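Take a look at the structure set out below.
The values are calculated or read from the model by the stated rules, or taken from the named source; none is laboratory data. Since the structure is predicted, the reported quantities are computational estimates derived from the model, not experimental observations. Note that each Cβ is placed from the backbone with ideal geometry, even for glycine, and that neighbours are counted across all protein chains shown. To get the accessible areas, we keep the full protein, side chains included, count just its heavy atoms, and leave off ligands, DNA and RNA. Shrake-Rupley method; radii C 1.70, N 1.55, O 1.52, S 1.80 Å.
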Amino acid sequence: MSQCQLTKFSGGYPLDKFIIEGGVRLKGVVEISGAKNAALPILAATLLTDEKSVIKNVPPLRDVYTMLRILRNMGVRADMEDGVCVVHPNGYNNYIAPYKLVSTMRASVCVLGPLLAKLKHAEVSMPGGCVIGPRPIDLHIKGLKALGADLKVEHGYIIADAKNLTGGRVYLGGKFGSSVLATANVMMAATLARGKTVIENAACEPEVCDLADFLVKMGAKIKGQRTPILEIEGVKSLHGVEYSIINDRIEAGTFMVASAITGGDVLIKGANIEHLGAVIDKLKDVGVKITSTKDGIRVVKTGFIKPVDVTTLSYPGFPTDMQAQMMALMCITKGISVITEKIYPERFMHISELARMGAHIILEGSSAIVKGVSKLSAAPVMASDLRASAGLVLAALVAKGKTEISRIYHLDRGYHNIEEKLEKLGVKIKREKED
Ligand code: UD1
């Protein structure tokens, strides 16, 4: 393993565990929440204006509350009730995103672009690595430098200055392709820069498009949304807006796999078929029946699960955030599947935990070779990161006996009310304090 070891630090969050009794065929309707990964940069984008914004369909998740704390720490009024965030920049003038907050959530780095554009100066703690592998920020820095900003790293902080941000042309691709949050940061900064910015190899993830739609509603001039070439013509100022964010495609994908793995019949209400092409394609190959309805996506599975090979890629490829869930499904196929990780080559912490449940997986570089077994058996396992935890929950749904998943604070960062939602579909699940 790299410098990124499995952390035992919960960031002050309670150490809860799930106890899941496997063997139930999921049946019913599950409603998908707003997308965390759209909510976070959109909340950061509210820093670009002096006016109040109202953001709806925000999932009440730990990461969202962290972002609200970061905004408040800057002097912004930011409140959330019933999935609605009201953000009033209130003439904020603190440009610091401190280590104690950034260290609990990497996505905090997306305040860098808006702060720089609005206050001309930003001090944002370096996010550091994490359990899914090293996570550099060179593309964020390259992109902001192309707009004329001066950036350096000192005492663990990115210190950024830009008297006059000026549009520029930048290719935002790295070793692993485009970057979601680097695209977000540069796009946000460019909205208030002088002149035109062109971002080549921009990320096209639906969450980036949602941010672009939000910015356009604020008065930004953006062309090329949903394509890898974004053109942003800077404007003098942006205004506050009311906006409703998209639903969470990863939560939807996770419930799709939950239905498939248990031989279930689940209507995933609010899932957007347009955001889930690669996941749907693989699930169809597995033998799952998928129908689009006016309310969402219905996922029905009977009979054996067929093995498939999966490679994670930038959107519209198969999402890395669905890799652990797909692996759980591949654990109980009749045959061999190869899962290759092209975004985070070290994102395989879940393998050793799945092995404790009887899975047969060999890691060869950044490919996991999964030999399906006829059944998994319940075991105590430990969640290591958000999506790995989701993979363990899915495995527990089909394991024989009661699986105990500890450190589920990871799961609470990204899945709203997951136990209530699973319970409603028939799962026997309990949350308890860890001993
Ligand atoms: C976002 C998502 C995360 C998802 C990831 C990839 C949010 C809040 N998080 O994270 O859930 O897993 O996209 O889809 O939206 N890279 C560099 N240099 C950089 C930035 C990234 O080399 O400056 C690399 C990364 O190490 C990784 C790849 O680019 O290999 C993609 O990462 P990126 O899209 O930036 O991930 P995030 O935006 O942090």
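The string of couplings for region 172-181 from the Karplus curve (6.51, -1.76, 1.60, θ = phi - 60°) is 9, x, x, 3, 10, x, 6, 10, 5, 6 Hz, one whole number per residue in order, with x for Gly and Pro.
Taking amide H as placed 1.01 Å from N in the peptide plane, the amide H of Tyr171 sits under 5 Å from that of Glu200, each at least 5 places away or on another chain. Note on the chain: GNM, Cα springs under 10 Å; of Thr293, Thr333, Thr166, the largest mean-square fluctuation is that of Thr293.
Phi-derived couplings, Karplus 6.51 cos²θ - 1.76 cosθ + 1.60 at θ = phi - 60°, listed residue by residue for region 331-348: 4, 10, 8, 9, x, 10, 10, 10, 10, 10, 9, 9, 9, 10, x, 9, 7, 9 Hz, with x used for Gly and Pro. A simple charge model with +1 on the Cβ of Lys and Arg, -1 on the Cβ of Asp and Glu and nothing else charged puts the dipole of region 12-57 at about 220 debye relative to its Cα centre. Which whole-Hz ³J(HN,Hα) couplings does region 267-281 yield from phi under the Karplus relation 6.51 cos²θ - 1.76 cosθ + 1.60, θ = phi - 60°, glycine and proline marked x? Once rounded to whole Hz, the list reads 9, 9, 6, x, 6, 9, 4, 5, 8, 10, x, 5, 5, 4, 4. Every helix of 4 or more DSSP H residues in the chain counts as -39500 (n - 2.57), and over all residues that averages to -8500 deg cm²/dmol at 222 nm.
Computed over the chain with a Gaussian network model linking Cα atoms closer than 10 Å, the most mobile of Ile362, Ile199, Ile339 is Ile362.
Overall, the accessible surface of region 36-244 at a probe of 1.4 angstrom is composed of carbon and sulfur to the extent of 49 percent.
For region 36-244, the square roots a ≥ b ≥ c of the C-alpha gyration tensor eigenvalues yield an a/c under 1.5, which makes the shape rounded.
Bridge orientation summary for the chain: considering DSSP beta bridges with both residues in this region, about 75 percent are antiparallel. Over what distance in Å are the Cα centres of region 340-373 and region 242-305 separated? Computed from Cα coordinates, the inter-centre distance equals 23 Å. The residues of the chain have, on average, 40 Å² of accessible surface per residue, using a 1.4 Å probe with all protein chains present.
The H on the amide N of Tyr157, modeled in the peptide plane, is under 5 Å from the matching H of Met126, each at least 5 residues off or on a different chain. The Cβ shell under 13 Å around Thr227 holds other residues with a net charge of -1, Lys and Arg each +1, Asp and Glu each -1. The order of Glu364, Glu21 by accessible area, most exposed first and with a 1.4 Å probe, is Glu364, Glu21. Here the Gaussian network model covers the chain, with springs between Cα atoms less than 10 Å apart; of Phe18, Phe176, Phe214, Phe176 fluctuates the most.
Using amide H atoms built in the peptide plane, which far-off residues or other-chain residues are under 5 Å from Leu192 H to H? Under 5 Å from the amide H of Leu192 lie the amide H atoms of Val235, each far enough along the sequence or on another chain. Note on Thr302: accessible area approximately 100 square angstrom, rounded to 10, probe 1.4 Å, nucleic acids and ligands left out.
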